[in-house]
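J.: Below: one structure in structure tokens.
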Amino acid sequence: MKYLILIITLLSINLNQETDKLNGRYNYLIEEDNSYIQKDKITFKDSVFVFDSKYMPKGKISYGSIILLENFMNTDLIISISKDQIKKDTIPFYMHDKQSSAANYLDEVVGKGKLIRIK
């Protein structure tokens, strides 16, 4: 009986834990010449994101110590987001080029921007 109560308790704790995943709809802005320019809208759902523009392909989200958005506007562009930012309404991000000459392409930032939650 005590094992049954222990199992039920552990299961309820696991079900109540919140996963840190991007969900919802955002405007995305890219910084150009020290000002932000709104580009498009993005919808995030668990590990996939889709642009409102019909011509952009779906992208994949990888969750780890930092969150990576792959296939952002082309196959070589990767977006990185600090994991502690995803609960906020305005999320800063950094752009990286997979074809970078750096040993680790995540070490070289080629641009930055913001995601702003649409409520």
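J.: Among [x] 2, 10, 12, 13, 11, 10, 9, 9, 7, 6, 5, 3, 2, 1, 0, 0; [y] 2, 10, 18, 22, 17, 10, 6, 5, 4, 3, 2, 1, 0, 0; [z] 2, 11, 23, 26, 22, 11, 4, 1, find the value of P(r) over Cα pairs in 5 Å bins from 0, in percent that was calculated from the structure presented, and write down its label.
T.: [y]
J.: Describe numerically, in nm with one decimal, the distance between label points set 7 Å from Cα along Cα→Cβ at Val50 and at Ser80.
T.: 3.0
J.: Oh, and also: Please list 3J(HN,Hα) in residue order for segment 87-102, calculated via the Karplus relation 6.51 cos²θ - 1.76 cosθ + 1.60 where θ = phi - 60°; whole Hz, with x for glycine and proline.
T.: Once rounded to whole Hz, the list reads 7, 8, 7, 10, 10, x, 9, 10, 9, 9, 9, 4, 8, 4, 7, 5.
J.: Give me the distance in nm between label points sitting 7 Å out from Cα along the Cα-to-Cβ direction at Thr43 and Tyr63, one decimal.
T.: Simple spin-label model gives 2.0 nm for this pair.
J.: A further question follows. Ignoring ligands, DNA and RNA, what percent of the accessible area of the chain is carbon or sulfur (1.4 Å)?
T.: Working: 4220 of 7960 Å².
About 53 percent, which is the carbon plus sulfur part of the accessible surface.
J.: Let me ask something additional. Solvent-accessible area per residue for segment 19-94 at a 1.4 Å probe radius, Å²?
T.: I get 57 Å² per residue for segment 19-94.
The values are calculated or read from the model by the stated rules, or taken from the named source; none is laboratory data. Note that the structure is a prediction, hence the values are computed from the model and not measured. As a convention, Cβ positions derive from the backbone with ideal geometry for all residues, glycine included, and neighbour counts pool all protein chains shown. Keep in mind that these areas ignore ligands, DNA and RNA; they rest on the heavy atoms of the full protein, side chains included. Shrake-Rupley method; radii C 1.70, N 1.55, O 1.52, S 1.80 Å.
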